[in-house]
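The values are calculated or read from the model by the stated rules, or taken from the named source; none is laboratory data. All values reported here derive from a predicted model rather than from experimental measurement. So basically every Cβ, Gly included, is an ideal-geometry build from the backbone, and we count neighbours across all protein chains shown. Note: accessible area is taken over every heavy atom of the protein model, side chains too, but ligands, DNA and RNA are not part of it. Shrake-Rupley method; radii C 1.70, N 1.55, O 1.52, S 1.80 Å.
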Amino acid sequence: MNTTDIDPESLKNVERFIRKFSKATGIYIGCFGSTCFKLIDYSDDANVNACIRKYITQYTVGELYARVAIDGIEEQVVDNTEEDDIKVAACSIRVGGRCRMFFVLGFVDIRADEKANPDFKILTYRSTFDKFLNAIDIVRTTITDMLDARMSIYRTEEISRQTADNAKELSESLRRMSAMTEVLKFLDTDKKPEIIMGDYLAVTAGYLGTTYGAIVKLTDTENRTMDVIAQWSKEGYEPLYANTHNVAVPDFVEGIKPIILSHGSRFLPETEKGWEDVRIMAIVALPVPLIDRSNMYIIYVESEAERSWKLDELQFLSDSSRVLQNILEKRIHKNSLASSYASLEEILEHVGCAIIVLDNNSHEILFQNQIMKTLFPPESINPDLEKMIATAYDEDKELEFYDYSTGLYYDINHNIIRWVDARRVSLFAIYDVTDKKNYQKRIEQQAYTDFLTGLFNRLCCERDLARIIDEAKKSNKKGALLYLDLDDFKHINDGLGHQYGDVLLKDISRGMRDVRGLEENCYRMGGDEFVIIIPPRLFDDYERIIEEIKKVFATPFYLKDSEYYCTMSMGIVVFPDEGDKVEELVQKADVAMYEAKKSGKNRMSKYVTGSTNNANKRLDMEKNMRDASSGDFEEFLVYYQPIIDIQEEGNPCVGAEALLRWDSKELGFVKPSDFIPLAEYLGLINPIGDHVLKEACKTLYYWNTHGHPDYKVNVNLSVVQLMQNDIVDTIEKTVRESHINPKNLTLEVTESLAINDMDRMQGIMSAIRSMGIRIALDDFGTGYSSLNHIREIPLDVIKVDQSFVKELIEDDYSKSFIRMVAELAGAIGVSICVEGVETEEQYRILENMQVRLVQGYHFDRPMSKQDFVDKYC
């Protein structure tokens, strides 16, 4: 199961539950996905389903979907149908803060007369209104618990995968660092150059895992012949060259630039002269320019498997080849110490890490590269780092260092080598590994944090409690475990709604965490249960901490415009007096807590052996939105993000997407993700949307009449707008009054909207296209049935969702998906536009895929009308 779909096994469990529950309660139940796509029908009987749809139509389902699944404010609703004896209800299932599915329930009153309506002979299930209301609550809570448990399992698996990937990345980084250290050791050897080059190939080709490696020198550039100076091959393979003198130069060896050919490159040769028995899967050829201008190249050949060269591998080859270049130049100028030092300094300046070289006897600094000087200025070098370096002169070591002044982490490799003047020196290579360390911490934090309250979770509690128990035993001191359960929380949760229940849990968590000393010792065990650990260092403040916790619950909580009180029952157990095992202490604290509940709640009991901010924010936003919508909509601004043609020379702008922004006088700029759902819920999205369409058409007319007759503008239509009966008339009137060319206007609809009511949407969009207006399918690739319905939707443009662009550089699936959509678009005669292009690498990949239209921050951010005119007109 992932964060957007319901996996098949969970769906089967849901279907088994609702079929049994439907039969037991006499209520018909249908299940729909988060985009209103039917998942489970009301009955296994087709006649029953057809009869139900007479009274619970697709339009009715769409209205219920908009109320409980889209705006997120109502979680369940009850409504009438055209038949007095049939009622309908809907409830949404939210897991992880998002709607995963929603259910439509219908029942026939037990008093219904079959003679009055023949359909009642088919609809045999009967129930009462009270049972119907109870059934809604049971369906919502049961399915939510089922999916929440499944989601928890998924999150745990995902964290495990991320941790494994990170460990693999760290292992690869250490392997690369080790190989680079081995290469640097060649600086201190007196071996012959041919032997050094052979050893060099063994290290570098061994790190890469390539099949062959060779170092060659061109001997006759006119006849293109060369000598093979050194070569290496993987175990079980013969050397690449049997003859090493005056052999033909491979065709790909040319010039002074590196040649990098991965599998699939159209320039990758199938065979080469002298390599007839070698299968060529990937090649790298690096020139090694020397002072005497000898034409030397390092060649690596992969013959076993398909391979695409990674950036880290190429950087390693570039850095290591510079080391080899320095070694060879040092031999050429062995009588010139100054020249050797300059060459060595040049290579150490470009190895990609901080380097410092010190004399082993005097500890004098002989060399620092610029990275070292920037990270650790000589006049203010960190004393802890200096102390660590001082302990490492005698042997090669790998060290770790944390700089408390900057918060940065470093890996330090120490090697003893001979300097250019033959004395023994210590070379320290210092790598900044802060990003990897912080990534490890984030993964660990996610594993130990409750996503709703921000408190630590049960897993973290068990880990910390075991550690604190050990501390108490070793120091011969005491600690305490407090187990809290909220009193009658279900009444508040059911009475006000789950969203206000969540607000209450957050407020309580914040209050407990604000108690001095408890910042790192509060945990949510699940539901409305919490644990607080009082460690030995705070045990003397035991009474003060408990009193401050009681004050948290003595203060009313502001929920839904009113003050509410929530009390708690607390169980207390002292360790190690009452036990020194985690499970034992938690169980005993739980027992004490229930003793407190049995005593009348709002109490605490010690174990003895043998015995509303979110609501205010929404109300403020609603008030300000109504005020802003009552006048001329001047607070609602239309910004424009350029759409770029990357297949035309110079990447010209061909139009823009109109985007709504709200600059509130009271609230400032409000995020669209915050105010657009509220506008839809309040019914204000229609006048606001009409305002955006009018402003965009006015702007388009200005562009087209001021030198850019082919500029186009894209305007988004929301689900609420498109459901209006007069939407076609509204669009026609706006186009007519603005005097624009309809072909330059594109209206964007989301994929999920387009498939909700296919017949109705086809009619509306066909009417819009008949005016000459273009239709774009937005966010393509995020719905349930993209390919099943794409041919049924009358459209002109497919807009690929930006989620596929984020991982485009490294994710083969994203590349394949965009390439497939481009081919599909060409096959059905529509255009393709890719959103969210933010980097040069993403742009280049899309350019090579023959994608024509793109938009994203790499080219420009959304901007005001005047800024767009100044820059693109």
Estimated [θ] at 222 nm from DSSP helical runs (n ≥ 4, -39500 (n - 2.57)) normalised by residues in the chain, nearest 500: -13500 deg cm²/dmol
Per-peptide average of other Cβ atoms within 10 Å, ordering 824-832, 347-355, 324-332 highest first: 324-332, 347-355, 824-832
Amide H partners (placed H, <5 Å) of ASN295, local residues excluded: LEU218
Cα-based convex hull volume of the stretch 165-240 per residue, rounded to whole Å³: 121
20 °C / 1.002 mPa s Stokes-Einstein diffusion coefficient of the stretch 504-576, Kirkwood radius on C-alpha pairs, µm²/s: 162
Sum of side-chain charges, VAL582 neighbourhood, beta-carbon under 12 Å (Lys, Arg +1; Asp, Glu -1): -1
Accessible area of the stretch 444-501 divided out per residue, in Å², using a probe of 1.4 angstrom: 49
Of all accessible heavy-atom area on the stretch 468-586, the percent that carbon and sulfur account for (1.4 Å): 46
Relative counts (whole %) of C-alpha pair distances in the stretch 428-540, using bins that are 5 Å wide: 2, 10, 17, 18, 16, 13, 10, 7, 4, 2, 1, 0, 0, 0
For peptides 219-230, 739-750, sequence by mean Cβ density within 10 Å, most packed first: 739-750, 219-230
Accessible area expressed per residue, the stretch 174-307, with surrounding protein chains retained (probe 1.4 Å, Å²): 51
³J(HN,Hα) computed for each position of the stretch 636-649 - Karplus, 6.51 cos²θ - 1.76 cosθ + 1.60, integer Hz, glycine/proline x: 8, 9, 10, 9, 10, 9, x, 10, 10, 9, 8, 9, 8, 4
Under 10 Å, Cβ to Cβ, from ARG224 - net charge with Lys/Arg +1 and Asp/Glu -1: -3
Per residue accessible area in Å² of the stretch 1-133, where ligands, DNA and RNA are left out and the probe is 1.4 Å: 47
Accessible carbon and sulfur surface of the stretch 635-682 relative to its total accessible area, %, 1.4 Å: 46
Compactness of the stretch 790-873 as Cα Rg over 2.2 N^0.38 Å, two decimals: 1.19
Bins of 5 Å from zero: percent of alpha-carbon pairs in the stretch 210-334: 2, 10, 20, 25, 21, 14, 6, 1, 0
Unit Cα scatterers, Debye sum, the stretch 423-464: log10 I(q)/I(0) for q = 0.16, 0.29 Å⁻¹: -0.56, -0.97
As computed over the stretch 25-105, the Cα convex hull volume per residue (Å³): 95
Solvent-accessible area, 1.4 Å probe, carbon plus sulfur percent, for the stretch 191-318: 50
Sparsely packed trypsin sites (Lys or Arg not before Pro) within the stretch 113-186, loop by DSSP, other Cβ within 10 Å at most 13: LYS115
Rg over Rh [alpha-carbon atoms, Kirkwood Rh] for the chain: 1.04
Dimensions in Å of the stretch 623-715 - Rg and Dmax from alpha carbons: 15.4, 49
Check: the stretch 394-464 dipole with +1 on Lys, Arg Cβ and -1 on Asp, Glu Cβ, in debye: 100
Rounded to whole Hz, the Karplus (6.51, -1.76, 1.60) HN-Hα couplings of the stretch 109-115, x for glycine and proline: 4, 4, 8, 4, 9, 5, 6
Nearest-10 value in Å² for the accessible area of VAL104, using the 1.4 Å probe: 0
GLU838 - accessible surface, heavy atoms, 1.4 Å probe, Å² rounded to 10: 110
The stretch 65-140 - Kirkwood radius from inverse mean 1/r over Cα pairs (Å): 13.5
Candidate lysines - alpha carbon under 22 Å from LYS871, same-chain residues fewer than 8 apart omitted: LYS698, LYS712
Solvent exposure, largest accessible area first (probe 1.4 Å, DNA, RNA and ligands not counted), of HIS858, HIS245, HIS691, HIS414: HIS245, HIS858, HIS691, HIS414
